Amino acid sequence: QVQLVQSRGGLVQPGGSLRLSCEDPGSTFEIYRMAWYRQARGKQREFVADIATDGITNYAFAVKGRFTISRNNTVKTLYLQMNSLKPEDTAVYYCRQYGPSGWGQGTQVTVST
């Protein structure tokens, strides 16, 4: 099974920015809807944003206007640009392919002073 490979997260101060990436080495990246989810400690995994094959995007209310999801089909990579980060954005972030590759391995993002 092809695996999704996520970039490392990190520690960011409130108000800061961070970009996550998710590489899908499979040959059919461009035909699948892709998404980002996150899971805070002690909470259920929740939807963050998704992007269709035609580039149409959807966002959770909590991140709308601060986060931007994008994809580059040439390099088979999904991105999540996170701006104006808040402590409540602290979570493990997962990319997801709505196809056989499933979920990425997750990466920790911590927003704190």
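The values are calculated or read from the model by the stated rules, or taken from the named source; none is laboratory data. None of the values given here were measured: they were computed from a predicted structure. Cβ: placed from backbone, ideal geometry, glycine included. Neighbour counts: every protein chain shown. What goes into the accessible areas is simple: the full protein's heavy atoms, side chains included, and nothing from ligands, DNA or RNA. Shrake-Rupley method; radii C 1.70, N 1.55, O 1.52, S 1.80 Å.
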> Regarding ARG19, is this residue among the basic types (Lys, Arg), open to solvent by 80 Å² or more (accessible area, probe 1.4 Å), farther than 20 Å from PRO100 by Cα and touching a residue at least 60 places away in the same chain (Cβ under 8 Å)?
Replying inline: yes
> Looking at region 11-50, which of its residues are closer than 27 Å to GLU88 by Cβ and either β-branched (Val, Ile, Thr) or modelled with pLDDT under 95 (or both)?
Replying inline: VAL12, VAL48
> Could you count how many residues in region 28-43 are closer than 20 Å to GLY55 by Cβ, part of a loop (DSSP other than H, G, I, E, B) and open to solvent by 60 Å² or more (accessible area, probe 1.4 Å)?
Replying inline: 1
> Under the condition of being in contact (Cβ under 8 Å) with a residue 60 or more places away in the chain and under 19 Å from GLY42 (Cα atoms), which residue from region 52-91 is surrounded by the fewest Cβ atoms within 10 Å (Cβ to Cβ)?
Replying inline: PRO87
>> Condition first: more than 12 Å from the chain's Cα centre (by Cα) and among the hydrophobic types (A, V, I, L, M, F, W, C). Now tell me which residues in region 61-87 satisfy that.
In response: PHE61, ALA62, VAL75, LEU85
